[in-house]
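Taking it in order: structure first as structure tokens, then the write-up.
The values are calculated or read from the model by the stated rules, or taken from the named source; none is laboratory data. Values in this document were obtained by computation on a predicted structure and should not be read as measured data. Methodologically, a virtual Cβ is constructed for each residue, glycine included, from the backbone with ideal geometry; neighbour enumeration extends over all protein chains shown. The accessibility values were calculated without ligands, DNA or RNA, using every heavy atom of the protein model including side chains. Shrake-Rupley method; radii C 1.70, N 1.55, O 1.52, S 1.80 Å.
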Amino acid sequence: MKYSKSQIMSRAYKIPELKFEDQNLTSFAGLILFQPLLLGLEIKNRLYQCFRHLNASRIFGHHIITLLLVVHLLLGYRRLRDLTYYQDDPMVKRLLGLNQLPDPLRSPAR
């Protein structure tokens, strides 16, 4: 199934308020602490500037994939196939600014 760019990209700029009470959080809820860091350092824009000379016709640009790999390492995973463990996690999607993560098991359509 092919997705449009508007189905993939998300806008989440506001940092949610942290409250220490009984909540149903995911295993990756600690990523919320990295969101202000990544926003303050403008990592997404800097990565985009690094890869802007490359032709990126796909929905997931090179800068998004690179940021996904950084988050993948922050979570402690090594293999790309391990992305399936957190593919539906809302905190990971929010940190990356995506509604949907790329599927590591499918080859890209050409």
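Every residue in region 58-84 that is more than 20 Å from Ser6 (Cβ to Cβ) and either modelled with pLDDT under 90 or over 10 Å from the mean Cα position of the chain (by Cα) (or both), please.
Listed by number, the residues that qualify are Leu73, Leu74, Leu75, Gly76, Tyr77, Arg78, Arg79, Leu80, Arg81, Asp82, Leu83, Thr84.
Any idea which of Leu39, Leu33, Leu73, Leu68 is hydrophobic (A, V, I, L, M, F, W, C) and in contact with a helix residue (DSSP H, G or I) (Cβ under 8 Å, 6 or more places away or on another chain)? Break it down stepwise before answering.
Numbers: Leu39 fails: in contact with a helix residue (DSSP H, G or I) (Cβ under 8 Å, 6 or more places away or on another chain); Leu33 fails: in contact with a helix residue (DSSP H, G or I) (Cβ under 8 Å, 6 or more places away or on another chain); Leu73 fails: in contact with a helix residue (DSSP H, G or I) (Cβ under 8 Å, 6 or more places away or on another chain).
After ruling out the rest, the residue left standing is Leu68.
In region 85-107, what residues are more than 13 Å from the chain's Cα centre (by Cα) and open to solvent by less than 80 Å² (accessible area, probe 1.4 Å)?
Hit for region 85-107 is Pro104, nothing else.
If you check Ala12, Ala29, which single one turns out to be open to solvent by less than 70 Å² (accessible area, probe 1.4 Å), at pLDDT below 75 and of a type outside the set (Phe, Trp, Tyr)?
Selected residue: Ala12, the only one of Ala12, Ala29 that is open to solvent by less than 70 Å² (accessible area, probe 1.4 Å), at pLDDT below 75 and of a type outside the set (Phe, Trp, Tyr).
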